[in-house]
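The numbers here are math on the coordinates, done by the rules we state, and not lab data. Model, not experiment: these values are computed from the prediction. Quick reminder, even Gly has a Cβ in these numbers, built from the backbone with ideal geometry, and neighbours come from all protein chains shown.
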Amino acid sequence: EPEVTQTPSHQVTQMGQEVILRCVPISNHLYFYWYRQILGQKVEFLVSFYNNEISEKSEIFDDQFSVERPDGSNFTLKIRSTKLEDSAMYFCASSDQVTGVTGELFFGEGSRLTVL
Amino acid sequence: AQTVTQSQPEMSVQEAETVTLSCTYDTSESDYYLFWYKQPPSRQMILVIRQEAYKQQNATENRFSVNFQKAAKSFSLKISDSQLGDAAMFFCAYSGDDMRFGAGTRLTVKP
């Protein structure tokens, strides 16, 4: 069964360093998402991506964050200069329909980011 | 902005018994979708059940069913005949312009 894969499963980094989290969505999906979950808190929407551009982003997704789909298969989240409060589990998701309709999101297993 | 509230951080149920997880949401929209996702330990979230707001009939999927009360903005999940494999974090989600999640309920199943 096709699934969303994420790498790395866990990354430890120093504050101020750049981090790239990678995701391979399900191959025929067109809509891609990043969510994050700070330990013990709710899952928060970061950004949605469609047709090679951001379709929506939350207030969390500031200038330190960027996304791209560099090669037609990977979907990456870059954090330019990490802060302690960026420590969280980051989930990638994909869908064949926009969530505002009926789209079920298919999630990866998450990438745990620890910023020291 | 839409908010989703799960008031039960943890719930416990005896194997083979029934448990209900609660969820409320806030929205001004009339057309939307509601979901329950399950996240087993160290695994990805998977969809358990989905409800369209325009449908009055409550969705069911095998042992999982919902009690959708649109006027009260309530969307609870009932798990019947609980199994050990049901142990997981359960997230309620609202889908309008984007998908918003509740904080989750950790379900423990006792043998």
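Which of the numbered conditions does A:Tyr90 fail, given that it passes all the others? Conditions: (1) within 14 Å of chain B (Cβ to nearest Cβ); (2) surrounded by 14 or more Cβ atoms within 10 Å (Cβ to Cβ); (3) more than 16 Å from the chain's Cα centre (by Cα).
Tallying (1) within 14 Å of chain B (Cβ to nearest Cβ); (2) surrounded by 14 or more Cβ atoms within 10 Å (Cβ to Cβ); (3) more than 16 Å from the chain's Cα centre (by Cα), A:Tyr90 fails exactly one: (3).
Could you please tell me which pairs satisfy a Cβ distance under 7 Å, a separation of 6+ or placement on different chains, a first residue in the range A:1-14 that is within 17 Å of B:Gln44 (Cα to Cα), and a second residue that is of a type outside the set (Asp, Glu) and surrounded by fewer than 16 Cβ atoms within 10 Å (Cβ to Cβ)?
Pairs that qualify, where the first residue is within 17 Å of B:Gln44 (Cα to Cα) and the partner is of a type outside the set (Asp, Glu) and surrounded by fewer than 16 Cβ atoms within 10 Å (Cβ to Cβ), are A:Pro2/A:Ser27.
Restricted to the range A:33-46, and to residues that are more than 8 Å from every other protein chain (Cβ to nearest Cβ) and out of contact with any Cys (no Cβ under 8 Å at 6 or more places or on another chain), which residue is nearest to A:Asp96 (Cα to Cα)?
Ranking the qualifying residues of the range A:33-46, first place goes to A:Leu46.
How about the range B:64-111: which of its residues are within 14 Å of another protein chain (Cβ to nearest Cβ), under 24 Å from B:Gln14 (Cβ atoms), within 11 Å of the chain's Cα centre (by Cα) and not aliphatic (A, V, I, L, M)? Don't jump to the end; show me each part of the working.
Quick first cut of the range B:64-111, residues within 14 Å of another protein chain (Cβ to nearest Cβ) only: B:88-106.
From the residues that got through so far, the ones that are under 24 Å from B:Gln14 (Cβ atoms) too are B:88-92, B:104-106.
Within this subset, residues satisfying the condition of being within 11 Å of the chain's Cα centre (by Cα) are B:89-92, B:104-105.
Once the filter is applied, which keeps residues that are within 14 Å of another protein chain (Cβ to nearest Cβ), under 24 Å from B:Gln14 (Cβ atoms), within 11 Å of the chain's Cα centre (by Cα) and not aliphatic (A, V, I, L, M), the range B:64-111 yields B:Phe90, B:Phe91, B:Cys92, B:Gly104, B:Thr105.
Report yes if some residue within the range A:71-81 is within 12 Å of chain B (Cβ to nearest Cβ), surrounded by fewer than 20 Cβ atoms within 10 Å (Cβ to Cβ), part of a loop (DSSP other than H, G, I, E, B) and polar (S, T, N, Q); otherwise report no.
Checking the range A:71-81: not a single residue is within 12 Å of chain B (Cβ to nearest Cβ), surrounded by fewer than 20 Cβ atoms within 10 Å (Cβ to Cβ), part of a loop (DSSP other than H, G, I, E, B) and polar (S, T, N, Q).
Among the residues of the range A:47-66, write down those that are more than 10 Å from chain B (Cβ to nearest Cβ), touching a strand residue (DSSP E or B) at 6+ places or on another chain (Cβ under 9 Å) and outside any loop (DSSP other than H, G, I, E, B).
A:Phe49, A:Tyr50, A:Ile54, A:Phe65, A:Ser66
Quickly run through the range B:13-32 and pick out the residues that are polar (S, T, N, Q) and within 15 Å of the chain's Cα centre (by Cα).
Across the range B:13-32, the qualifying residues are B:Thr18, B:Thr20, B:Ser22, B:Thr24.
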